[in-house]
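A quick write-up on the structure given underneath.
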Amino acid sequence: MSQFTIPKFLLYLVFLIITRGNHYTLNSDVITTRSTSRSRSTEPHLSTDAPKIIIGGGPASGKGTQCEIISMQFGVVHLSSGDILREAVKGDSYIGRIAQKYMDEGKLVPDDVIIEVINERLKQDDCQKRGWLLDGFPRTKYQAEALLKAKMVPDAFIVLEVPDYILIDRVCGRRMDPLTGKIYNLKYDPPTDEAVRTRLMKRSDDDEEKIKTRILDYKAHIEAVKSYFSDQIVTVDGSLPSGKVSAQVVEGIKMRLASASLHSTKRSEGQKWFPVA
Ligand code: AP5
């Protein structure tokens, strides 16, 4: 019998691989991080170990809302293609001037423009060390291909599924606090502070007509995008209350990260090593 006993250090190694040094407490509404997940944001990590996450979903499906929790929980750099483009428009940069016309009409900006911006950003040190969370990219087949061509392969691809009528309802109530950048919803998540309420702003593309164009665009492309990431996809019901969505999102990411770790361990086990002089 003793020849079948698994050595303790091997069991511990498997445990370390699966948990990747994080300890989470999770229930359906509250997520707390007990531990080391913050250390991801300050300590250098090998790029192969750092989490690589994508979140997709229709307009106003809750991507930005979930990204706050994901980046806190996993310590990754949050890159929102929409925010990057809005900053470029505000700064009146060359890219901003190209993007503005499309964004004002609720249409996708040309692939070449956004691909270059995102790929350059992903190469930077913080993304390489801490890992990244792409919000709203890739959105087309060409963007998905460009990402993979740049060897930016995600561990997890979260897709938030929300029916159209809820998307329209959410977009009409969305407001942003210009001082903190925090997103609120007049119906589902209003600010409690009166001072915040009075300074809230509405996004220029948040009207019913433009959101219909954005939903059509999303539906025209999402299946093609998903087909490139079938091993990493986690579908989440984004119509639930935010806390319940977060619980499923975090659970899904943890599951995919554990599976990616095991795959990379298996790959390295399969490698042959030779002594050198
Ligand atoms: P972008 O900014 O990415 O817009 P979007 O995809 O339309 O997504 P949103 O930011 O509108 O919504 P969200 O999913 O983040 O939802 P949120 O958390 O805010 O892109 C804007 C434009 O930029 C595009 O139209 C395009 O022109 C261009 N662009 C961007 N990326 C591009 C790309 N890759 N290629 C080409 N062009 C690109 O939530 C919405 C509201 O709902 C909030 O009020 C929130 O409080 C509320 N809420 C969230 N979750 C819940 C919940 N579970 N229950 C109730 N309320 C909720």
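The values are calculated or read from the model by the stated rules, or taken from the named source; none is laboratory data. The structure displayed is predicted, hence computed values, not measured ones. Note that each Cβ is placed from the backbone with ideal geometry, even for glycine, and that neighbours are counted across all protein chains shown. Note: accessible area is taken over every heavy atom of the protein model, side chains too, but ligands, DNA and RNA are not part of it. Shrake-Rupley method; radii C 1.70, N 1.55, O 1.52, S 1.80 Å.
Observations on the model:
- Residues satisfying the stated conditions in region 93-118, i.e. within 21 Å of G58 (Cα to Cα) and not β-branched (V, I, T): A99, Q100, K101, Y102, M103, D104, E105, G106, K107, L108, P110, D111
- Positions within region 117-131 being away from the ligand (no atom under 14 Å from the Cβ) and not charged (D, E, K, R), in sequence order: Q124, C127, Q128, G131
- Screening I183, I114 for residues that are among the aliphatic types (A, V, I, L, M), near the ligand (Cβ under 9 Å from one of its atoms) and open to solvent by 50 Å² or more (accessible area, probe 1.4 Å) leaves exactly one candidate, I183.
- In this structure, P138 qualifies as within 11 Å of the ligand (Cβ to nearest atom) and within 30 Å of A258 (Cα to Cα).
- Tally of residues being farther than 27 Å from D111 by Cβ, buried (at least 17 other Cβ atoms within 10 Å of the Cβ) and out of contact with any strand residue (DSSP E or B) (no Cβ under 8 Å at 6 or more places or on another chain) across region 204-253: 0
- Candidates are the residues of region 70-106 that are loosely packed, with under 15 Cβ neighbours inside 10 Å and not in a helix (DSSP H, G or I); the one that is nearest to the ligand (Cβ to nearest atom) is E105.
- Candidate set: region 186-219, residues that are within 17 Å of E87 (Cβ to Cβ) and not charged (D, E, K, R); chosen: the one nearest to the ligand (Cβ to nearest atom): S204
- Restricting region 117-140 to residues that are of a type in the set (S, T, N, Q) and not in a helix (DSSP H, G or I), the residue that is most open to solvent (accessible area, probe 1.4 Å): Q124
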